[in-house]
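The values are calculated or read from the model by the stated rules, or taken from the named source; none is laboratory data. Predicted model only: the values in this text are computed from it and were never measured. When we count neighbours, we look across all protein chains shown, and the Cβ atoms used for this are built from the backbone with ideal geometry, even at glycine. To get the accessible areas, we keep the full protein, side chains included, count just its heavy atoms, and leave off ligands, DNA and RNA. Shrake-Rupley method; radii C 1.70, N 1.55, O 1.52, S 1.80 Å.
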Amino acid sequence: MNQLLQPQADVVIIGGGIVGSSIAWHLTEAGCTNVLVLERESHQGKGSTGKSMGGVRAQFSTDVNIQMSLYSIPFYQRFDEVMEHPGGYRPQGYMFLATQQKHLDYLNTNIERQLALGLKTVRRISRQDAAAAVPQLFLDDVIGGTFCSTDGFVDPYSVMTGFWMAAARRGARLLREAEVTGIAKDAAGKISAVETTQGVIATRTVVNAAGAWAAQVAKLAGIDLPVTPLRRMLVPTEPFPKVSQHGPMVVDMSSGFHFRPEGLGLLLAWNDPEETSGFKFAFEPSFIEKVLTHGSYRLPCLEEAEVNPKRCWAGLYEMTPDHHPILGPAPGVPGFFLANGFSGHGVMHSPATGKILADLIIKGSCDLIDTRLLNLERFAEGREIHETAVL
Ligand SMILES: Cc1cc2nc3c(=O)[nH]c(=O)nc-3n(C[C@H](O)[C@H](O)[C@H](O)COP(=O)(O)OP(=O)(O)OC[C@H]3O[C@@H](n4cnc5c(N)ncnc54)[C@H](O)[C@@H]3O)c2cc1C
């Protein structure tokens with residue numbers, strides 16, 4: 001056992017990525033400071049957090065996702081001041097482009113929902129507006145779109161670090177190279193301890209923040225969690241001055257291709273429908289041609305961009321059947337909480353997740369969202385909520 005480690009904590013968080021770090025900070029912010037984060041790697045951010053595209057947006061189709069963004073994006077606006085650490089928030093917007101009437105109808109329905117819930121920075125845009133924002137786009141087939149100026153990007157690694165360092169200043173502790181191997185319960189079935197490769201920690205409250213590995217961790221507590229890993233790949237270009245570094249994330253709804261400025265170049269993404277679930281970490285070089293084919297259609301000058309395959313990377317989404325996270329107490333195991341299955345939105349929704357989990361742990365309720373909507377029981381009870389705006 002590490003000598004610095006008190007073998008007891010009020011709350012143990014399994015996983016030191018952006019979600020675990022946000023929960024730790026929100027707990028300490030609410031006065032709960034005997035918090036211990038367990039991370040099996042030698043440093044934080046080696047999971048999905050360090051692989052993310054860093055997009056943050058409020059342009060969703062379901063109330064609960066919009067509400068989580070309405071907490072998280074203003075949070076990112078003041079992140080640097082509150083954490084005394086840069087979060088890298090850049091409000092350069094997300095621009096959705098529709099080429100088919102069904103996609104435009106979908107955007108129109110969504111924008112009504114977003115406005116009704118209080119989002120003030122989203123608007124419909126014309127082809128001309130899109131051309132003004134990114135003149136290099138091919139737009140002949142675009143019939144309209146939407147743009148939200150407070151959407152944008154953050155630096156996920158820096159956000160995670162900021163959350164963690166601020167939590168640590170208030171007394172939260174982090175144990176690295178501590179893999180959780182068991183979760184113990186007392187005779188009444190309540191959480192009593194966590195077993196790790198560095199010893200046993202007594203606790204009454206455990207949070208599963210293990211990202212793509214969440215189902216394995218849940219199994220240790222006897223819970224079946226429908227969270228599966230799905231590989232996502234990103235392709236950065238070499239410096240590419242033809243497109244402005246101040247432009248938005250552009251989402252081509254006809255193919256799913258999207259890109260944003262990154263460094264001196266662009267970061268290219270596409271949701272490959274042929275990808276299958278599994279712990280696949282290797283970047284597949286044939287993906288470059290796929291993403292460039294879709295990309296060059298919408299952004300023809302991409303044909304002149306250079307890509308170094310060695311700079312491309314792959315990471316894991318943690319998917320749920322309805323593409324919404326699973327948050328809150330696990331049924332039947334008092335003291336075991338879930339913060340899992342973000343389905344591609346864990347960076348943007350990490351502030352709201354931290355708030356929701358801290359409230360549920362400390363007060364037993366949270367008024368930021370209707371938390372019942374995101375509980376694990378929804379799958380057994382047929383209450384899935386489908387989000388179709390998954391990128
Ligand atoms: C290519 C890509 C692009 C993405 N783009 C976006 C985006 O634009 N916007 C967005 O919001 N999200 C995006 N995401 C998703 C986002 O990155 C994740 O949802 C988010 O990082 C999840 O954070 P986390 O802390 O839950 O998981 P992670 O960062 O994976 O952290 C989980 C941690 O748990 C640890 N762990 C696991 N098992 C154990 C154990 N038994 N004991 C101890 N520790 C354990 C792991 O080592 C890991 O450090 C993207 C993801 C990828 C891969």
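Per residue, how much accessible surface does the chain expose to a 1.4 Å probe? Answer in Å², no decimals.
In whole numbers, the chain has 40 Å² accessible per residue.
When you restrict to C-alpha pairs under 8 Å that are six or more residues apart and normalise by the size of segment 110-236, the relative contact order lands at 12 percent. On a per residue basis, the convex hull of the C-alpha atoms belonging to segment 191-254 measures out at 210 Å³. Taking a straight Cα-Cα cut-off under 25 Å and skipping sequence neighbours fewer than 8 places away in the same chain, the lysines within cross-link reach of LYS190 are LYS219, LYS355, LYS363.
Of the accessible area of the chain, computed with a 1.4 Å probe over protein heavy atoms only, carbon and sulfur atoms account for 52 percent.
Remark: segment 121-127, residue by residue, has Karplus-estimated 3J(HN,Hα) of 9, 9, 8, 6, 10, 9, 4 Hz, where x stands for each Gly or Pro and the curve is 6.51 cos²θ - 1.76 cosθ + 1.60 at θ = phi - 60°.
The residue list CYS366, GLY354, HIS386 was ranked by how far each Cα lies along the charge dipole of segment 309-391 toward its positive end, using unit charges on Cβ atoms, and GLY354 comes out on top.
Here r is the Cβ-Cβ distance between THR197 and ALA282 and R0 is 25 Å; the resulting FRET efficiency, rounded to 0.05, is 0.45. Taken over the C-alpha atoms, the chain has Rg and Dmax values of 20.9, 67 angstrom. Each label point was placed 7 Å from the Cα along the Cα-to-Cβ direction; for GLU289 and GLU29 their separation is 4.8 nm. State the Cα centre-to-centre distance between segment 79-148 and segment 246-313 in whole Å. So the separation of the two Cα centres works out to 19 Å.
Restricting to the chain, what percent of DSSP beta bridges are antiparallel, rounded to 5? Percent antiparallel among DSSP bridges in the chain is about 70. Charging the Cβ of each Asp and Glu at -1 and of each Lys and Arg at +1, and nothing else, the dipole of segment 1-115 about its Cα centre rounds to 400 debye. Dipole of the chain computed with +1 at Lys/Arg Cβ and -1 at Asp/Glu Cβ about the Cα centre; of THR62, PRO74, TRP213, farthest Cα towards the positive end is PRO74. In this structure the amide hydrogen of ILE183, modeled in the peptide plane, comes within under 5 Å of the amide hydrogens of GLU195, none closer than 5 places in sequence on its chain. Between the listed residues VAL333, VAL251, VAL291, the Cα displaced farthest toward the positive end of the dipole of the chain, a dipole computed from Cβ unit charges relative to the Cα centre, is found at VAL333. Charges were assigned to the Cβ only: +1 to each Lys and Arg, -1 to each Asp and Glu. The resulting dipole of the chain about its Cα centre is roughly 600 debye.
Considering the convex hull of the alpha carbon atoms of segment 118-234, report its projected area averaged over all viewing directions, in nm², one decimal. Spell out each step's value before the answer.
Working: hull surface 51.8 nm².
Over all viewing directions, segment 118-234 projects a mean Cα-hull area of 13.0 nm².
Rolling a 1.4 Å probe over the protein heavy atoms leaves THR161 with an accessible area of roughly 40 Å².
Report the local net charge at VAL122: Lys and Arg +1, Asp and Glu -1, summed over other residues whose C-beta lies under 11 Å from its C-beta. For residues surrounding VAL122, the net value is +3.
Here, segment 235-296 is characterised by an Rg to Rh ratio of 0.99, where Rg is the alpha-carbon radius of gyration and Rh the Kirkwood radius. Remark: segment 182-341 projects, on average over all directions, an area of 11.8 nm² (convex hull of Cα atoms). For the set LYS280, LYS185, the ranking by accessible area, highest first and with no ligand, DNA or RNA atoms included, is LYS185, LYS280 under a 1.4 Å probe. A Cβ-based charge dipole, computed about the Cα centre of segment 225-304 with Lys and Arg at +1 and Asp and Glu at -1, lands at about 220 debye.
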